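Just so it is clear, none of the values below were taken in a lab; they were calculated from the coordinates. Predicted model, so just to flag it, every value in this text is computed and none were measured. Every residue, glycine among them, receives a Cβ derived from its backbone with ideal geometry; neighbour counts consider all protein chains shown.
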């Protein structure tokens, strides 16, 4: 080694250089594997942890009357929301506290009461952090104006427009239209890919509930980018939501209004339908309720007022109220007897009462109608006559005929509320009361009393079927298919009953029928039947006044059933009210 | 002017480019943090680089032999004093006492150890003691000189920093020819011991091993629980992605999702959405930020710049006519290489996660100044390559 040459060999330098080069190449190769070959996988992993999919609710379809009148629609609603990302703190509890303080501040400044509990905020932070928190829903114009003016003072708060349900007709047809509640959207089958669902309106009663799936819009999709803690950083719409279709109903608002006017101040119900196709023109129940009280949310006090009211305004009496139909049931008894071979012209001697196994039923006519045939028995509503023919044919024949007219089974109405009522027989009584069936029971139900129960809707179907000869399934959706089934009765048999019912209104000669008030001024011939059902015993004994009819008598286009609780009698209380409704349909005088 | 004529412009340009890249990465990582104090971190990094640059030129201008003669021993002793002081007065960060006032003595001491080793073993005989470099006594001297600061750094505790000294010292010792036979033996024993530890952790942590057996094996493994965890994440990266493996998983997602060309400067999602651990995104995980935003192209550029720096270091060693110069250039280059390799390799799971900064890119001020001084010394070796008359 010559002088001046290093004691450290050059080889070391080359070895070091080689090691460095190998190391750098090793890194380059591995980085290429991660960044080029693996890029797709890591991109997916990155997106999966930072992108949330949100299902957005579509605008709910409207509910319309048959003439296109809006019964349930949508209106724009402004809400003040809080964006949690603006209140991020290190700890979750501090974040919740910061949001709450922000809400308190905004509330105090623009005069809105804090609407959310600490618990609700906390739940939002832990479950739906990436979504805006709705603090005040459906805020009034004045508050929105104040807020917008000073928006810069309220960072993290914003006004958003959503849709609220609105019911332009208020309480009209409230039991039919129904109302909606706000639902946290839930995962449908195949929707597991979504992380969040925006709150959606869900039908809770009436058509809103029955046709919920039809009315609901087609959901859209939004994507949100969230940070490591779950705060939303930005979002964009992937698929726009689509509004749901409108539901056109069969309701004729003119008729519906007339029916509700007649029931004002009463407890009762009125059903009008077209017996040819089952279209329900009016379905009224009184008392009703204001549908707009349910928007944006039903206040607990209003709900309590509705549920505590002994008049039960939320109950749909028209299709969900089961009443003893009283004498309006007599046409059914008459048809059952005719079907069993009872001669239509045979006279029965009415003494004013009917004794049967230890009990006595009284007739409307205190001293009896004397000799009376079926037509006149219907006209005069003779109780002993119908008790007699029912006992004559027996329970089985009676029940079979009643069943053929839909008594004891649901009508098939496209509404959640559709009670079957009760058509009792021996087996039913044994099952329900543990007692055997007596002939007196049959005598009772033959005149629509006792254990027999039917809804006004069922009675409207029955009376319509008598008028047309076919039993239709009532429906509320305009484009629902028409369904009907034939009756087991012959035209001659039906004609006997039709004659009797015609006489109930028109009378005979100078003698008035029991329901004459219903035909007064309608303009078309009306056939019907009155009924006065006695319910309860002793102190709580009261009378429900009924009237059922179809018109015009020879080619019916309307069938009506009307009941008023605690009325005087069918003829005095119910018949004139039904007459007014019929005038509304046929344009008679005095509407 | 020999200074300007021999000045290694390539190495200087590569260094400047690396500092610029680092400033950009720090800007992006700082902006992602909620605390506004970090938003200006890039500016303070530039200020630190200015200080480093001043020292760089000073060290480059002065003959490194003079620097070594005057500074290596006193500087080494001073760094030992600081290492003791940091254990007594230091500020505790993330469970280790590493900070003294505004700097980390352990980072500075790396350079002084390298300088001392170069000064002691760069000639045929050790100065002052006058013992032959290739003898056993030299080995004892080397062990003592390197062992003292390493033990003090281990006491902080900072295993990663302590271990980065090893490759530099080993390379220098081999190059200087200090007791080669013994060194080979020790290296072999050390390698076998490391493999045994790795094997033991593998045997203890592999799926389906009973708790008692795991306990029994780990009792004989000389690692702390958090170190065992890191080795486990290295061996089984997919086992615990929300716990100990979270950092590695997020680091890999960052780098991998950068793809070929990256997401754009300042637009790295895992960084800005805070999936990348915030506490270390500016320091140990800064490469993830860079790689995510500039993609494989950016990573390759960074590797090329490092390669240029290392090549210049090797060239400096090669052209130097002096053993001290060669050792100095090799030592500093190896230190830089070890940091670069371990830092990037741990980010993609090739080596266990260790808290090591990436030279010129991470935001550590002490380390930036230290590495720039190291490059200044290499520059000096290039410029003053010939033996000068004393």
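Key figures
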read-out: Using a Förster distance of 25 Å, the FRET efficiency for residue A:572-residue A:359 (Cβ separation, nearest 0.05); value: 0.40
read-out: Virtual spin-label span in nm between residue B:46 and residue B:224, 7 Å along Cα→Cβ; value: 3.8 nm
read-out: Peptides A:458-467, A:518-527, B:8-17, B:211-220 ordered by average Cβ neighbours within 10 Å, highest first; value: A:458-467, A:518-527, B:8-17, B:211-220
read-out: On Cα atoms only, tilt of A:118-127 relative to the major axis of chain A in degrees; value: 70 degrees
read-out: Of all DSSP beta bridges in the protein assembly as shown, antiparallel share, percent nearest 5; value: 95 percent
read-out: C-alpha long axis of helix A:253-263 to longest principal axis of chain A, angle in °; value: 60 degrees
read-out: Net lengthening on full extension, residue B:163/residue B:279 (0.36 nm per residue, minus Cα-Cα); value: 39.5 nm
read-out: Difference of contour (0.36 nm per residue) and Cα-Cα distance, residue B:125 to residue B:58; value: 21.2 nm
read-out: Relative contact order %, chain B, counting alpha carbon pairs below 8 Å whose residues are six or more apart; value: 28 percent
read-out: Pairwise FRET efficiency - residue A:537 versus residue A:297, Cβ, R0 = 35 Å, nearest 0.05; value: 0.25
read-out: Rounded, prolate or oblate (a/c below 1.5 giving rounded, otherwise prolate when a/b exceeds b/c) for segment B:257-372 by Cα gyration tensor; value: prolate
read-out: Sorted by Cβ density within 10 Å, fewest first, the residues A:546, B:179, B:99, A:367; value: A:367, B:99, B:179, A:546
read-out: Added length on full extension, which subtracts the Cα-Cα distance from 0.36 nm per residue, residue A:437 to residue A:492; value: 16.6 nm
read-out: Histogram of C-alpha separations across segment B:329-390, 10 Å bin width, %; value: 21, 41, 24, 10, 3, 0
read-out: Angle in degrees between helix A:491-506 and the longest Cα principal axis of chain A, rounded to the nearest 10; value: 80 degrees
read-out: Calculated [θ] (222 nm, deg cm²/dmol) that DSSP helices of n ≥ 4 give over chain B, each run adding -39,500 (n - 2.57); value: -22500 deg cm²/dmol
read-out: Segment B:79-176: relative contact order as a whole-number percent, Cα under 8 Å and 6+ apart; value: 28 percent
read-out: Top of B:285, B:102, B:57 by mean-square fluctuation, Gaussian network on chain B, Cα under 10 Å; value: B:102
read-out: Max mean-square fluctuation residue, GNM over chain B, Cα-Cα springs under 10 Å, options B:274, B:263, B:224; value: B:224
read-out: For chain A, calculated [θ]222 nm from helices alone, where every DSSP H run of n ≥ 4 adds -39500 (n - 2.57); value: -10500 deg cm²/dmol
read-out: Proxy reagent accessibility, fewest Cβ within 10 Å first, across A:505, A:121; value: A:121, A:505
read-out: Cα-projected label distance for residue B:212 with residue B:260, points at 7 Å along beta-carbon direction, nm; value: 5.7 nm
read-out: Tensor-based shape of segment A:138-230 (alpha-carbon gyration tensor, a/c under 1.5 rounded, otherwise prolate or oblate); value: oblate
read-out: Inter-label distance for residue A:400 and residue A:44, nm, one decimal - labels placed 7 Å from Cα along Cα-to-Cβ; value: 6.9 nm
read-out: In range of the label at residue A:392: residues from segment A:348-373 whose backbone nitrogen is under 19 Å from the point 7 Å along Cα→Cβ; value: A:348-357, A:361-364, A:368-373
